[in-house]
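The values are calculated or read from the model by the stated rules, or taken from the named source; none is laboratory data. In this text the structure is predicted, and so the values were computed from the model without any measurement. Note that each Cβ is placed from the backbone with ideal geometry, even for glycine, and that neighbours are counted across all protein chains shown. Just the protein is used for accessible areas: all its heavy atoms, side chains included, with ligands, DNA and RNA removed. Shrake-Rupley method; radii C 1.70, N 1.55, O 1.52, S 1.80 Å.
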Amino acid sequence: MENLSTELQNQATKILKQCFPDEDISSCLPADITPSTQDKFGHYQCNSAMKLGKILKTNPRNVALQILEKWEGLKDGMIDSFEIAGPGFINITLTDTFLSKELTAVIADERLGVPPLKEKKKIIVEFSSPNVAKELHVGHLRSTVIGDALARLFEFLGHDVLRLNHIGDWGTQFGMLITYLKEQHAGVLSNDEKADLPSLMNWYRESKKCFDADPEFKKRAQLQVVELQSGEPAALAAWEKICEISRLGFQEIYDFLDVKLVERGESFYNPKLSQVIKDYEAKGLIEVSDGAKCVFLEGFTAKDDKPLPMILQKSDGGYNYATTDAAAVHHRVTEEKADRIIYVVDAGQQLHFQMVFQGAAKAGYYDPAKVQLEHVAFGVVLGPDGKKFKTRSGETEKLIDLLQKAVDYAKKILQERLEDATPKEIEELAHTLGVDAVKYADLSCHRVKDYVFSYDRMLKFEGNTAAFLLYAYVRIQGIKRKVSKDVEAVVLTAPIVLKHPTEVALGLHLRRFGETLELMDRDLLPNRLSDYLYELAEKFHAFFRDCRVEGVPEENSRLVLCELTARILKTGLNILGLKTMPRM
Ligand code: ARG
């Protein structure tokens, strides 16, 4: 099915051409139609008269009148009425019978009204990307949750998606850590001493202290880097051990969140880094500054107005973070054949990505007209004090403990609500509710803004929370049980008839699922979808308040409306990475 705004757009475009055959109105085509957010202003809005007014140098209201003169005759059972609002907006209200027919088609459609894919793309979503043995912070949690939601959206739409975890698994810091482990915890490297990610993080911190305080240690650490880089077996084995311990820690979190990722860390690109320098040199992009090989790009200056370098090779021959990213662009475009590459990384790295992208384009690593590279930035997580969120001052609090705490909160709430549930049932439900709450709290905020992490707020049953949406779903399951009919059979036979105003409002909203996914795809903002689902739950509650389902002549139609609401809720929540619950 097409989106309704697309259908209206096609209709309006034809009419504009008929109205102004002798004028050059190409800049106003296709007609501008948007779903209106406030239902009291009609259901769709056409903004073309406003634009045409400027071009034709006439009052937009007059243009609107001219358009409607033609359009009135072509309403075709689809449009109920027009209204000219404000300086010249045209508000469009659809007929209830048209909407009813559309909804009957939506529920028969396995894509729930989401238009078929026009062009299948290979999309790489790079997200999570924590650093081995280094602090795993809530920023990585944000990247994981947002990246997963975007990947799920593309998968639902039908694209070919590759989910990459660009783990920070290479760098000079390994020299310190390996040296420290060899000297203080050799048992870890020989598998005689157990270690996990938090202990690694501790030792990393300790090794840094030694590195800064003890010149002899520093020398030994630097030597270790050289050995690692030259592939000396013992150094390599130690590095692998450190990666393995970290990997287990990361996987624990991914399993907890039910997020799938393909690991392809920075070390993967090591063999390709010298070629990057050669390629950039061949394009005349490299300038040597203080012994380092740098790229200077237009428009990038430091605070003192001096040109800002992107350093690709340090004076000691070592490569940089940006070099790896350049190699990754090349690999993803030429080997993976990506059409679109999305980097879900905190907003603090914006400058880095701008330089990497611009440099790679200049080096001919990708053609910006053909491949889309996007840094999907996000804001910081704040604590209740409004400052950057920190785990307990013990510092080694695992990210997983933070998630577990949300589950524990959820457990308390569910134990009170569901007195008859078995402990095992509570356990499972609490896991879903806790994880859903954390994910939704993140996704429902505008991605680019900072947000405050609060267990109390994320687990509320009112307002724009996971629980509120999940509860709407649970409620519909209850209605279906009460009516005790074969819902599948009713869905196949009963047409949807919309009568009551809140019923019409719900129906219209249900028809906009496809438009919503289109918006999320365009802006890469998960809150486009969460806002939609929140509104859906609200509209459902209003409908349920006003319209009886069970035992009325409209029972079948309303049952189908309930079922469609449940299906869209579930599908939408799944795209955000949330699971529904059978009861709560
Ligand atoms: N490991 C990095 C960090 O924790 C994030 C990696 C981002 N991705 C990239 N291609 N540079 O800050």
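Give me a count of the residues in the stretch 262-279 that are basic (Lys, Arg) and within 16 Å of the ligand (Cβ to nearest atom).
Summing the residues that are basic (Lys, Arg) and within 16 Å of the ligand (Cβ to nearest atom) in the stretch 262-279 gives 2.
In contact with a Leu (Cβ under 8 Å, 6 or more places away or on another chain) and either over 30 Å from residue 117 (Cβ atoms) or not acidic (Asp, Glu) (or both), is that true of residue 567?
yes
For (1) under 24 Å from residue 125 (Cβ atoms); (2) among the basic types (Lys, Arg); (3) open to solvent by 40 Å² or more (accessible area, probe 1.4 Å), each residue gets a yes or a no:
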{"position": "384", "(1), (2), (3)": "no, no, yes"}
{"position": "404", "(1), (2), (3)": "no, no, yes"}
{"position": "414", "(1), (2), (3)": "no, no, no"}
{"position": "437", "(1), (2), (3)": "yes, no, no"}
{"position": "445", "(1), (2), (3)": "yes, no, no"}
{"position": "449", "(1), (2), (3)": "yes, yes, yes"}
{"position": "456", "(1), (2), (3)": "no, no, yes"}
{"position": "466", "(1), (2), (3)": "yes, no, no"}
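Would you check which residues across the stretch 259-311 are part of a helix (DSSP H, G or I), out of contact with any strand residue (DSSP E or B) (no Cβ under 9 Å at 6 or more places or on another chain) and over 26 Å from residue 126 (Cβ atoms) and list them?
282
Please enumerate the residues belonging to the stretch 80-116 that are surrounded by fewer than 13 Cβ atoms within 10 Å (Cβ to Cβ), of a type outside the set (S, T, N, Q) and over 32 Å from the mean Cα position of the chain (by Cα).
86, 87
Tell me the residue from 495, 582 that is assigned to a loop (DSSP other than H, G, I, E, B) and under 21 Å from residue 3 (Cα atoms), please.
Every option except 495 fails the conditions.
Take the residues of the stretch 160-202 that are open to solvent by 10 Å² or more (accessible area, probe 1.4 Å) and under 15 Å from the mean Cα position of the chain (by Cα): which is nearest to residue 401 (Cα to Cα)?
It comes out as 163.
Please verify whether residue 373 is in contact with a strand residue (DSSP E or B) (Cβ under 6 Å, 6 or more places away or on another chain), closer than 30 Å to residue 321 by Cα, modelled with pLDDT of 95 or more and among the hydrophobic types (A, V, I, L, M, F, W, C), treating the condition exactly as stated.
When the stated conditions are applied, residue 373 passes them.
Given the criterion among the charged types (D, E, K, R) and not in a helix (DSSP H, G or I), identify the matching residue among 528, 548, 567.
Being among the charged types (D, E, K, R) and not in a helix (DSSP H, G or I) holds for just one of 528, 548, 567, which is 548.
Among the residues in the stretch 7-15, are any touching a helix residue (DSSP H, G or I) at 6+ places or on another chain (Cβ under 7 Å), open to solvent by less than 90 Å² (accessible area, probe 1.4 Å) and assigned to a helix (DSSP H, G or I)?
Yes; the residues of the stretch 7-15 include at least one that is touching a helix residue (DSSP H, G or I) at 6+ places or on another chain (Cβ under 7 Å), open to solvent by less than 90 Å² (accessible area, probe 1.4 Å) and assigned to a helix (DSSP H, G or I).
Need at least 3 residues that are over 23 Å from residue 578 (Cα atoms) per element, so show me which strands (runs of 3 or more DSSP E) inside the stretch 51-169 make the cut, counting only ones lying wholly within it.
In the stretch 51-169, 79-85, 89-94 are the strands (runs of 3 or more DSSP E) which contain 3 or more residues that are over 23 Å from residue 578 (Cα atoms).
Name the residues in the stretch 49-69 that are surrounded by 14 or more Cβ atoms within 10 Å (Cβ to Cβ) and either among the basic types (Lys, Arg) or touching a strand residue (DSSP E or B) at 6+ places or on another chain (Cβ under 8 Å) (or both), would you?
49, 50, 51, 61, 64, 65, 67, 68
Criterion first (under 29 Å from residue 239 (Cα atoms), more than 16 Å from the ligand (Cβ to nearest atom) and free of Cβ contacts under 8 Å to residues at least 60 places away in the same chain) does residue 316 satisfy it?
yes
Name every residue in the stretch 437-486 that is modelled with pLDDT under 95, more than 15 Å from residue 409 (Cα to Cα) and of a type in the set (S, T, N, Q), in order of residue number.
Answer for the stretch 437-486, where residues must be modelled with pLDDT under 95, more than 15 Å from residue 409 (Cα to Cα) and of a type in the set (S, T, N, Q): just 484.
Can you tell me how many residues within the stretch 117-132 are of a type outside the set (S, T, N, Q), open to solvent by 10 Å² or more (accessible area, probe 1.4 Å) and either near the ligand (Cβ under 9 Å from one of its atoms) or without any contact (Cβ under 8 Å) to a residue 24 or more places away in the chain (or both)?
Qualifying residue count for the region: 2.
Being exposed (fewer than 15 other Cβ atoms within 10 Å of the Cβ) and either in contact (Cβ under 8 Å) with a residue 24 or more places away in the chain or under 20 Å from residue 170 (Cβ atoms) (or both) is the filter here, so list the residues in the stretch 241-269 that pass it.
Correct list: 244, 248, 251, 258, 260, 262.
Of all residues in the stretch 333-353, how many are more than 10 Å from the ligand (Cβ to nearest atom), open to solvent by less than 50 Å² (accessible area, probe 1.4 Å), assigned to a helix (DSSP H, G or I) and closer than 22 Å to residue 149 by Cα?
Going through the stretch 333-353 one residue at a time, the tally reaches 1.
Please specify each residue of the stretch 468-502 satisfying the condition of being without any contact (Cβ under 8 Å) to a residue 60 or more places away in the chain and within 23 Å of residue 534 (Cα to Cα).
478, 500, 501, 502
From the list 282, 302, 292, which residue is more than 16 Å from the ligand (Cβ to nearest atom), open to solvent by 60 Å² or more (accessible area, probe 1.4 Å) and among the hydrophobic types (A, V, I, L, M, F, W, C)?
Step by step, each of 282, 302, 292 is checked, and only 282 is more than 16 Å from the ligand (Cβ to nearest atom), open to solvent by 60 Å² or more (accessible area, probe 1.4 Å) and among the hydrophobic types (A, V, I, L, M, F, W, C).
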